[in-house]
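Peer 1: The structure under discussion is supplied below as structure tokens; questions concerning it will follow.
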Amino acid sequence: MIAVTCRNGEHFTIDPGEIERAEAVPDTVVHLVGGRTFVLAMSLDELLLAIRDARAERMVVQKRLAGGTAELADSASTVRTANLRVERRAHLRDGDSPGSPADRRPVGAPPED
């Protein structure tokens, strides 16, 4: 998610994956996939940098969740992770997915060989 401000002063967040197109005519106008349009108070270059940073941050988090060590490039040194909450679960909580046999054993039961 990226934080944006509309020309009227309204602050909100946009999922970069929902942006269909952005144009600068003369204000920065963002068109979302669902058909909504917003006129932003930031330049098109600032919007593109925010999208790039959000995607870089997401990639770092995905690498960390996968158990690998995330190596940052010099250009990605400005990625901020302080506002990002990451939660890793051993299995789904909805009960629809059976998961592995290890996930189905009672808590505290010894592992099966």
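Values quoted throughout were computed directly from the atomic coordinates according to the rules given, and no laboratory measurement underlies them. Just so it is clear, the structure is predicted and the values come from calculations on it, not from any experiment. Glycine also receives a Cβ, built like all others from the backbone with ideal geometry; neighbour counts cover every protein chain displayed.
Peer 1: Could you work out the local net charge near Gly34, counting Lys and Arg as +1, Asp and Glu as -1, over the other residues with Cβ closer than 10 Å to its Cβ?
Peer 2: Working: positive: Arg36; negative: Glu18, Glu20.
Residues near Gly34 contribute -1 overall.
Peer 1: Multiplying the sequence separation of Cys6 and His31 by 0.36 nm and subtracting their Cα-Cα distance, what value in nm do you get? Could the numbers behind the result be given before it?
Peer 2: Details: separation 25, 0.36 × 25 = 9.00 nm, distance 1.30 nm.
Separation in residues times 0.36 nm, less the Cα-Cα distance, equals 7.7 nm.
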